[in-house]
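Q: The following block contains the structure, expressed as structure tokens.
The values are calculated or read from the model by the stated rules, or taken from the named source; none is laboratory data. Everything numeric in this text was worked out from a predicted model, so none of it was measured. All Cβ positions, even for glycine, are placed from backbone atoms using ideal geometry, and neighbour counts span all protein chains on display. Just so you know, the surface numbers come from the protein's heavy atoms only, side chains and all, with ligands and any DNA or RNA stripped out. Shrake-Rupley method; radii C 1.70, N 1.55, O 1.52, S 1.80 Å.
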Protein chains: 4
Amino acid sequence: MKNTFGNAITVTLFGESHGPAIGAVLDGLPGGIRIDEEYIAARLTQRRPSGRISTSRREPDRYEILSGVFNGYTTGTPLCIIIRNEDTRSKDYDNVSRLARPSHADLTAMYRYGGFEDYRGGGHFSGRITAALVAAGAIVMKALEDKEILIGTHISTCGGISDRDLCAEADLRALANADFPVLDEKAADEMEKKILEAASEGDSVGGVLETLVLGMPQGVGEPWFDTAEGMLAHAVFSVPAVKGIEFGAGFAITEMRGSQANDCLRTDGSKIYTETNNSGGINGGITNGMPIVFRTAIKPTPSIFKEQKTVDIKSRQNAVLSLKGRHDPAIVHRAGAVINAVTALTLADLLAVRYGADWLRTGE
Amino acid sequence: MKNTFGNAITVTLFGESHGPAIGAVLDGLPGGIRIDEEYIAARLTQRRPSGRISTSRREPDRYEILSGVFNGYTTGTPLCIIIRNEDTRSKDYDNVSRLARPSHADLTAMYRYGGFEDYRGGGHFSGRITAALVAAGAIVMKALEDKEILIGTHISTCGGISDRDLCAEADLRALANADFPVLDEKAADEMEKKILEAASEGDSVGGVLETLVLGMPQGVGEPWFDTAEGMLAHAVFSVPAVKGIEFGAGFAITEMRGSQANDCLRTDGSKIYTETNNSGGINGGITNGMPIVFRTAIKPTPSIFKEQKTVDIKSRQNAVLSLKGRHDPAIVHRAGAVINAVTALTLADLLAVRYGADWLRTGE
Amino acid sequence: MKNTFGNAITVTLFGESHGPAIGAVLDGLPGGIRIDEEYIAARLTQRRPSGRISTSRREPDRYEILSGVFNGYTTGTPLCIIIRNEDTRSKDYDNVSRLARPSHADLTAMYRYGGFEDYRGGGHFSGRITAALVAAGAIVMKALEDKEILIGTHISTCGGISDRDLCAEADLRALANADFPVLDEKAADEMEKKILEAASEGDSVGGVLETLVLGMPQGVGEPWFDTAEGMLAHAVFSVPAVKGIEFGAGFAITEMRGSQANDCLRTDGSKIYTETNNSGGINGGITNGMPIVFRTAIKPTPSIFKEQKTVDIKSRQNAVLSLKGRHDPAIVHRAGAVINAVTALTLADLLAVRYGADWLRTGE
Amino acid sequence: MKNTFGNAITVTLFGESHGPAIGAVLDGLPGGIRIDEEYIAARLTQRRPSGRISTSRREPDRYEILSGVFNGYTTGTPLCIIIRNEDTRSKDYDNVSRLARPSHADLTAMYRYGGFEDYRGGGHFSGRITAALVAAGAIVMKALEDKEILIGTHISTCGGISDRDLCAEADLRALANADFPVLDEKAADEMEKKILEAASEGDSVGGVLETLVLGMPQGVGEPWFDTAEGMLAHAVFSVPAVKGIEFGAGFAITEMRGSQANDCLRTDGSKIYTETNNSGGINGGITNGMPIVFRTAIKPTPSIFKEQKTVDIKSRQNAVLSLKGRHDPAIVHRAGAVINAVTALTLADLLAVRYGADWLRTGE
């Protein structure tokens, strides 16, 4: 449903980069989820441009909850959370208002909305909109944490540099407080170097994000169509710059034999587990109780300062684009917070479909 | 919505491997799509086990349309198409009825449905159900063809062997009639050899499928959530054995600089096109008029004849599984027909959302 | 979603009067609902034309469950139930194939489906389709009964004759086995007389149905939009011939003062109840634990034998219609079974949204 | 979907009476609908408490559009419109915070949300939320007007007084500017007298609203379930205080013979019309091109000043309620604006499903 996602717990997203505000409506939450304001702020900070390697646009990302919260807990009625757009320098975009930025949505938005779209700063297609997604996602992500379902994402590879494996609960705790979501400090330094190198050339880099979910109950997912994988993929492709997703062994599984790929089952008498996790925690679209693991391909930021051949949307003439203003040489380090948010929203929805939304109530 | 997918044109899937019938209901079709019985049969044949490298189970896949067709055209009311299960040798499965097959849905189905699931032959999770998906998909795939929107899938790599590039309309025409969906004959022979090699060892192989869509109109897709990529990925992960999907340059784009990854825009005065297609025909979740390209990772068939460690679901004891019966050493060559079907269903839905379902009427 | 209704438990309807079969797919049911074949047959019998006052068309209404049931219980995967069309005398309809029957869907179906609709016997708009609805509804209606949620409908008024009040559980038990859904035998006789009187003049009558639900848990309904009233009304207007619905005191409440209309609250220490039930068991769209009561207006059967002015759809000329064939002089006595079915489907869906579908499992 | 309604054009509602703001998100609108700020304000004024017969609470209902509008036209991306709550005297509600108001949602909201609901002023169940519905509805109502689809509602009966028939376009134009939606001035005066009479006794009255839609295209509606009647009824029951709805001749049709009830068809050579309109413009759930007519039963305002028996929600003891504060002795005159809004939202959605949303673009 266009800007609404989910079946039992839905998120509806709205806003443009240079309009009055961006926001989201969460519906279907149970009453009684505790709102942790600091937690929401921390998630927004992880998404926010910061440090040397990000755009100098500094939105404070001060959110306001308009509805659905009373005395510090969700009421069970729709929760609308908004973030005002404050630091919008529209002039920076004047020179690109007619020149479509390659591999951006400028041209396709015009195709889709017939020229009525708000093109300033990418409008509804701006990465800024993800702040609303992170804010809404933080509310359910905290609710999941209170049920001991932990979600975290690190940069698996960027600029040819790889992080160490993400596997343990301690890793997730570390990522929850990280500025730059990489476990190995040396790898982090090298990745930053690669990003700055590209930036100095007016260019940009991408990377692969890896997400780990621990504690997810078994038996969750609604085949044939609303499988755990299908729903997660659906949500993840909403995140700008994502061009691929793979679960468990992913594309590498295509080079294995069945006897290598299959996850043998074992039991210790009480719990059934698998010896390997090539399935990424999901079989037949339903969670099997093992960690959920998936990786997403994040393309290099399309806004670069190098000259690019493009087309003037209005005159329909060939042209050359020279971008000015503020643009990230990479968003892969910021995208993790958004992937976490959509993961939380998707899993909360699937859990609510399976057990009823009250399952998520704090303290139950 | 569990077993229903789509917004304007929906498909609802039902059936178990050893129940009376499998089938699908298509709703939201316009009146006036011509039904091409031969075309449907041809699509079912491409999915059907055949030749040396597939299971010897031979279902004739004779479908019956129960509703929604009158005088050879769709009526615009729901079209139910069913396929009876005829050749079901339940005895083959007797010895596995309590032993969960590793990396199958046996265990997770029990988690999800509480032990009430029909476990015979994988029940609702059997690959057999995809025959209903292919039958339903064939109806809209033909309607798209009549609008010059062509869909085709080949095996990009299997067993370390790669096919040549899939790019031209002639390739799609060739694949439409192919038994084994590979463009290069020599590559086809070598892949078959690899599959038979694995089979002779009681093992199985997977592969990567690549799908190409030509003629898709621009401006189709419903961000933020019902993007062209998100909807396709959602549908594709319903296909059993899929563990990953990537669009355009996919995961390889993460190793490019922005200046390499961006698809420069050009115009010839009338049409706007991109010089490269790393975006796979989609920007911001909306089609840009270039070919849609995506690849899916198909895991090796999990049913193998080698002994595997597993768990007895009922006694909850560790056990060893020795499968008998008929099982494919690969399904990658059959899965292409299913990927085509879900691609057709998804694109038809997105087109109907954008232009109204009547857009798909034959001859309009 | 056109031919699909519900959020957590959905029903998808298909079929035409003179096509191969009609049917329905139930999705979202939990595994473990016991299938009571006799119960389904009994519900179908109540809807079936019978006795002196109904059409002589005698469909045996033999249903077949194609999927979703194993060992006598639902599996939790989609349940498809079909009924073959056997006794279809298409010739009877030949003379009306171009003359739109007044107050039927003949003309509007042509507007909607562009002339591709199957017009034989009303096609997808035939009352016959309700047999599939009744069959699907019977499955959940029995599940609700096992949870002590009882649903029943009687003819409140017909032809100027009124039945006595429907209020007690014993009344519901009586209606469950009734041929003609009227509690007072004398009223039943008089209503039949009125119907036959109209029939003898080639005319038809309508009536008001009243539905009572006992045992519905409190706290069920999803405002603002998916209220208990809104969902029930939505479903009920799918039943052909319904032109109105009212809950509790209904339209009569508009003539009361607030002090008369309000249902005062009382408690006996454990349970909270209302002294009156003008609200019909629902406040703010949520059940309050009192009986749900609503009435539906059923119009006289539009198929009558009197001459009627109409239009030839093809030639677009004024014409006179003289119907032949078999047509009920009333359907009000048969419509109760359909109202019961859609009520059961709607309440089961709302319960599943609230508590998860497993709540409906037999024996839990 | 709880607080979201519609298929192609959806409205999502949020807010509580005493929270920061109420609002709505419209999604699926085409780009290019002109925003008429005065028109929106006029619709809000019609819903606003005013004059002698309404509560003295005076919210200015100043709305703010947060997204989805650019240069005075809709962009095609989600439009969020909010209204801040300004004049909220929470103290007035202190004494009722534990005493459930009879026939209000106080008790059922507690059942549904587990005690976490914001109970101040009725919270999410306050009639105040309808202001957001009216604001959102005004945007599409104006778009429909620009397509010559006119919607209007008058008080058909109130306090035993009846208005004259609503039938002509001139009547709709008159109602568009009316403070008190009654066509006959003398009837208006008498109704006001009846309302004030009840008010002077601390009591309240209800009434019947009648809605007329002119200019609706034929062939709109999505049977079996998303019929024009079913969708309208679904939406209308969201409006607080509605207890019934009937289309065309409604409940009165149950007393007619088929020969009286049927709407004979005629043609003037170009257009097909019906001689009577007992069907209320809809057959088989699809519009027939005649005026859409329906009536809704509005119960007397449940907030009255007379003492009422009730229950203390917290202590679960019987109690007596004496309301203070500001409460309307009737809302029937204000509810018309809300019925118009949900009618516009529903018809716009059905039109967008049928023809694609672009059909609603201004000037097309």
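Q: Between A:Ala178 and D:Ser162, take the C-beta separation as r, use R0 = 51 Å, and let me know the FRET efficiency to the nearest 0.05.
A: 0.10
Q: OK, next. Specify whether the C-alpha gyration tensor of the range D:146-235 places it in the rounded, prolate or oblate class, a ≥ b ≥ c being the square roots of the eigenvalues: rounded for a/c under 1.5, otherwise prolate if a/b is larger than b/c and oblate if not.
A: On the way: a/c = 3.32, a/b = 1.72, b/c = 1.92.
Cα axes put the range D:146-235 in the oblate bin.
Q: Given axes a ≥ b ≥ c from the Cα gyration tensor, I'd like to know whether the range A:219-294 is rounded (a/c under 1.5), prolate (a/b larger than b/c) or oblate.
A: Because a/c hits 1.5 or more and a/b fails to exceed b/c, the range A:219-294 counts as oblate.
Q: Counting Lys +1, Arg +1, Asp -1, Glu -1, what net charge surrounds B:Met256 among other residues with beta carbon under 15 Å of its beta carbon?
A: On the way: positive: A:Lys194, A:Lys243, A:Lys299, A:Lys306, B:Arg257; negative: A:Glu197, A:Glu201, A:Asp203, B:Glu246, B:Glu255, B:Asp263, B:Glu275.
Overall, the nearby charge balance is -2.
Q: Let's test the formula: R0 of 30 Å, r as the Cβ-Cβ distance of B:Arg62 and B:Glu169. What FRET efficiency results, to the nearest 0.05?
A: Values: r = 32 Å, r/R0 = 1.05.
With R0 = 30 Å, the Cβ-Cβ based efficiency is 0.40.
Q: For D:Arg326 and C:Lys271, what does the FRET efficiency come to when R0 = 35 Å and r is the distance between their Cβ atoms, rounded to the nearest 0.05?
A: Working: r = 33 Å, r/R0 = 0.94.
For R0 = 35 Å, the calculated efficiency reads 0.60.
Q: Just how large is the dipole of the protein assembly as shown about the Cα centre, in debye to the nearest 20, putting +1 at every Lys and Arg Cβ and -1 at every Asp and Glu Cβ? Can you show the working numbers first?
A: Working: 156 positive and 184 negative charges, 1 e Å.
Magnitude of the dipole: close to 0 debye.
Q: Hey, another quick one. Hey, if you put +1 on the Cβ of every Lys and Arg and -1 on every Asp and Glu Cβ in chain B, which of B:His154, B:Gly23, B:Ala249 ends up farthest toward the positive end of that dipole?
A: About the Cα centre, the residue reaching furthest to the positive side is B:Gly23.
Q: Springs between alpha-carbon atoms under 10 Å, Gaussian network over chain C: tell me which of C:Asn283, C:Asn340, C:Asn85 tops the mean-square fluctuations.
A: Taking springs between Cα atoms under 10 Å, the residue moving most is C:Asn283.
Q: I've got another one for you. Can you give the average number of partner chain beta-carbon atoms within 10 Å of each beta-carbon in peptide A:302-315, as a whole number? Can you show the working numbers first?
A: Details: counts 6, 2, 5, 2, 4, 1, 6, 6, 8, 7, 2, 3, 0, 1.
That works out to 4 on average.
Q: Please report how many Lys pairs in chain A have alpha carbons closer than 25 angstrom, counting only residues at least 8 apart along the chain or sitting on separate chains.
A: Final tally of qualifying lysine pairs is 26.
Q: Give me the net charge for the shell around D:Ser67: Cβ to Cβ below 9 angstrom, other residues only, Lys and Arg +1, Asp and Glu -1.
A: Once positives and negatives cancel, what remains is -2.
Q: Which shape class, rounded, prolate or oblate, goes with the range B:62-184 when its Cα gyration tensor gives a ≥ b ≥ c as root eigenvalues, a/c under 1.5 marks rounded, and past that a/b bigger than b/c marks prolate? Working shown, then result.
A: Working: a/c = 2.63, a/b = 1.30, b/c = 2.03.
Oblate shape, in that a/c is at least 1.5 and b/c is the bigger or equal ratio.
Q: Cβ neighbours within 10 Å, averaged per peptide: list C:240-248, B:186-194, C:140-148 in order, most packed at the top.
A: With the highest mean Cβ count within 10 Å placed first, the list reads C:240-248, C:140-148, B:186-194.
Q: Which residue in chain B puts its Cβ closest to the axis that rotates chain B onto chain C, and at what distance in whole Å?
A: B:Thr12, 2
Q: Ignoring ligands, DNA and RNA, how much accessible area is buried between chains C and B, both sides summed, with a 1.4 Å probe, to the nearest 100 Å²?
A: 3500
Q: By average Cβ neighbour count within 10 Å, what is the ranking of C:18-25, D:311-318 from highest down?
A: Per-residue mean Cβ counts within 10 Å order the peptides as C:18-25, D:311-318.
Q: Shifting gears a bit: Given the options B:Gly219, B:Thr296, B:Gly325, identify the residue whose Cα lies farthest towards the positive end of the charge dipole of chain B (+1 on Cβ of Lys, Arg; -1 on Cβ of Asp, Glu).
A: After comparing all options, I get B:Gly325.
Q: Using the Karplus curve 6.51 cos²θ - 1.76 cosθ + 1.60 with θ = phi - 60°, work out ³J(HN,Hα) for each residue of the range D:65-73 in order, rounded to whole Hz, and write x for Gly and Pro.
A: These are the phi-based 3J(HN,Hα) values: 8, 8, 6, x, 10, 8, 6, x, 10 Hz.
Q: Put the label 7 Å from Cα along Cα→Cβ for B:Arg34; what are its distances to the other copies, in nanometres, shortest first?
A: Values, ascending and in nm: 4.4, 5.4, 6.6.
Q: Give me the dipole magnitude in Debye, nearest 20, for the range A:278-364 about the Cα centre, with unit charges on the beta carbon: positive for Lys and Arg, negative for Asp and Glu.
A: 520
Q: Would you mind working out the magnitude of the charge dipole of the range D:224-336 relative to its Cα centre, with +1 at each Lys and Arg C-beta and -1 at each Asp and Glu C-beta, to the nearest 20 Debye?
A: Details: 13 positive and 10 negative charges, 149 e Å.
Around 720 debye, computed over the range D:224-336.
Q: Distances in nm, one decimal, shortest first, from A:Asp189 to the same residue in every other copy, taking the label point 7 angstrom along Cα→Cβ.
A: Sorted ascending, the copy-to-copy spacings read 5.6, 9.1, 10.2 nm.
Q: Follow-up question, since we're still on this one. Report, in deg cm²/dmol and to the nearest 500, the calculated mean residue ellipticity at 222 nm for chain A, where each DSSP H run with n ≥ 4 adds -39500 (n - 2.57) and the sum is divided by the residue count.
A: -8500 deg cm²/dmol
Q: Something else about it: Which distance in nm do the two modelled labels at A:Trp359 and B:Gln260 give, with both placed 7 Å along the Cα-to-Cβ direction?
A: So the two model labels end up 4.4 nm from each other.
Q: Sticking with this structure for a sec: What gaps in nm, shortest first, separate C:Lys314 from its twins in the other copies when you place the label 7 Å past Cα toward the beta carbon?
A: 5.6, 6.3, 7.5
Q: What net charge is computed for the residues neighbouring A:Lys2, neighbours being all others with C-beta under 13 Å from the C-beta of A:Lys2, Lys and Arg scored +1, Asp and Glu -1?
A: Values: positive: A:Arg112, B:Arg354; negative: B:Glu222, B:Asp226, B:Asp349, D:Asp27, D:Asp349.
Every neighbour counted, the sum reads -3.
Q: What spacing in nm lies between the two simple spin-label points modelled at D:Leu196 and C:Tyr39, each 7 Å away from Cα in the Cβ direction?
A: Between D:Leu196 and C:Tyr39, the label points sit 5.9 nm apart.
Q: Hey, another quick one. Need one value for C:4-13: mean number of C-beta atoms belonging to other chains within 10 Å of its residues' C-beta atoms.
A: The shielding value for this peptide is 6.
Q: Whose amide H sits under 5 Å from the amide H of B:Ala319, counting only residues 5 or more places off or on another chain, with H placed in the peptide plane?
A: B:Thr310, B:Val311, B:Asp312
Q: Taking each residue in D:316-324, count the Cβ atoms of any other chain within 10 Å of its Cβ, then average. What number comes out?
A: 2
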